[in-house]
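Notes follow the structure.
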Amino acid sequence: MKAIALTTYGGPDVLRELELPTPEAGPGEVRIRVHAAAVNPTDAMLRTGVYAARTTDVPPPYVPGMDAAGVIDQLGPGADGRLSVGQRVVALVVPAGPRGAYAEQIVVPAESVVPAPAGTDHAEASTLLMNAATARLALDTLALPKGATVAVTGAAGAVGGYTVELAKADGLTVVADAAPHDRDLVRGFGADHVVDRGADVAARIRQLAPDGVPGLVDGSDQREEAVPAVADSGALVALRGWQGPAERGVTVAPVFVASVRGDTALLDTLRRQAEEGVLSLRVAKVLPASDAAEAHRLLEAGGLRGRLVLDFS
């Protein structure tokens with residue numbers, strides 16, 4: 001099968017099209033013929049070696065990718081009875097060596113697979129799970145009561161946008177940041193208040209919430225710059241592993257989406273919310289899988305609104 005992989009860490013050009021053995025579904029697993037794989041910042045972090053410590057016992061090649069959409073073509077023994085061969089599905093993939101979403105066929109635990117949202121194509125469907133599950137995990141970690149206020153940085157991005165939409169569905173008041181050209185986009189997600197993004201975002205949030213907000217999801221990875229926006233004894237959710245320290249009793253809570261890869265009920269709820277229009281599936285551009293290096297260059301250039309998607313059809 002064709003896969004996009006790397007054998008050494010580095011820039012986008014380390015991504016190569018390789019022929020790898022076709023995987024077979026084992027007990028409790030399914031094999032998916034991938035038609036689309038979303039390109040996420042975590043894929044670039046794998047490519048550059050940020051996660052190298054996690055792969056010391058796994059030889060290359062390494063296949064990136066955490067989001068796949070396609071059709072089940074094999075069920076392993078004891079695979080979940082929810083799923084069937086020929087079914088259109090999406091999967092939350094945790095890359096390990098040659099097991100990543102950038103491949104024509106992938107094998108994943110059945111518990112990490114749910115039906116593709118009705119009415120979507122493969123590219124749209126592939127943009128859902130990893131980012132929406134991260135947003136859901138972030139909000140669940142904050143556990144704010146209905147009516148409370150949450151702040152979201154990086155609100156125009158994939159995780160940030162989903163966080164705003166899910167927070168509104170939870171009955172929260174949302175203060176979000178945006179560049180001037182993204183204000184209408186972020187308001188469209190349902191944000192109650194939009195402030196200018198940037199280094200002084202905490203001060204701007206404090207203008208709306210003088211005592212600070214009880215919870216903040218740091219989608220733009222501003223870390224110490226975002227902490228002053230949080231109320232005393234409040235909490236900040238970090239998406240890229242930052243653990244603080246903070247101040248004034250503020251808790252810093254790193255979240256890792258791999259922790260919910262087996263939470264089928266959570267993943268299926270996100271699928272349903274996409275069908276209902278609670279979550280907006282945004283595709284920035286679809287590229288042939290062979291153009292994965294270009295996709296990573298576009299990702300690193302920034303300014304995308306929606307996800308880049310690799311086409312494996």
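Bear in mind that the values in this text are calculations on the coordinates, not laboratory data. This is a predicted model, so every value here is computed, not measured. Methodologically, a virtual Cβ is constructed for each residue, glycine included, from the backbone with ideal geometry; neighbour enumeration extends over all protein chains shown.
At a glance:
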{"read-out": "Relative packing of peptides 32-40, 200-208 - highest average C-beta neighbours within 10 Å first", "value": "32-40, 200-208"}
{"read-out": "Hull-based mean projected area of the chain, where the convex hull spans the alpha carbons, in square nanometres", "value": "15.2"}
{"read-out": "Charge tally in the Cβ shell below 15 Å around Ser112, where Lys, Arg are +1 and Asp, Glu are -1, Ser112 excluded", "value": "0"}
{"read-out": "FRET E, pair Glu276, Asp140, Förster distance 22 Å, beta-carbon r, rounded to 0.05", "value": "0.70"}
{"read-out": "Neighbour net charge for Arg282 - beta-carbon separation under 10 angstrom, K R +1, D E -1", "value": "+1"}
{"read-out": "Three-way shape call for region 176-263 based on the alpha-carbon gyration tensor, with the a/c threshold at 1.5", "value": "oblate"}
{"read-out": "Cα principal axis extents for region 112-188, largest first, Å", "value": "33, 31, 17"}
{"read-out": "Rounded to 5, percent antiparallel among DSSP beta bridges of the chain", "value": "55"}
{"read-out": "Euclidean distance of C-alpha centroids, region 181-206 and region 93-132, integer Å", "value": "31"}
{"read-out": "5 angstrom amide H check on Val283, placed H, neighbours 5+ away", "value": "Arg307"}
{"read-out": "Residues in region 280-309 reached by a label modelled at Met45 [backbone nitrogen below 19 Å; 7 Å Cα→Cβ]", "value": "296-304, 306-308"}
{"read-out": "Net charge, Leu128 excluded, C-beta distance under 9 Å - Lys, Arg +1, Asp, Glu -1", "value": "-1"}
{"read-out": "Difference of contour (0.36 nm per residue) and Cα-Cα distance, Asp196 to Leu20", "value": "58.7 nm"}
{"read-out": "Cα gyration tensor, region 221-306 - rounded (a/c under 1.5), prolate or oblate", "value": "oblate"}
{"read-out": "Simple label model, 7 Å out from Cα along Cβ direction - Ala258 to Ala179, nm", "value": "3.2"}
